[in-house]
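Before any comments, here is the structure.
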Amino acid sequence: MDIESLRDYCLTLNGTTEGMKWEHLCFMIEEKIFVLASLEDGHLCLKCDQEEFDELAARHGIKQAPHFARRQWIELEGLDVMPAAELQRRIAESRLLVLSKLSKKVQAKYQ
């Protein structure tokens, strides 16, 4: 997957907006980031299930995302660290995890 494919996929998810923060491309729902992509080095940060964190962080090219909640966000060293289908699934899960922290009223808009 390349950055354009990543962008295209993220924008297909209901309610997704994009923007730039900290010189990174961000994909958000209700102004809450669920994917942060570096255009400079290709690194990608996304939220993960805490129960899967250790398993993911043990994989080559994946680690704790700096400056994000501990054991809740991972950083991929590149878009090729995992197969495209798995990456898409994990992006969708990241969006759902972020959405689940918003009010029930906001969540209902996206169901």
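General remarks:
- All lysines inside 19 Å of LYS101 as judged from Cα atoms, apart from same-chain residues fewer than 8 positions distant: LYS32, LYS47, LYS109
- 22 Å tail of the calculated P(r), the chain, as % of Cα pairs: 26 percent
Rule-based calculations on the coordinates, nothing more; no lab input. Owing to the predicted nature of the structure, the values given are computational and were not obtained by experimental measurement.
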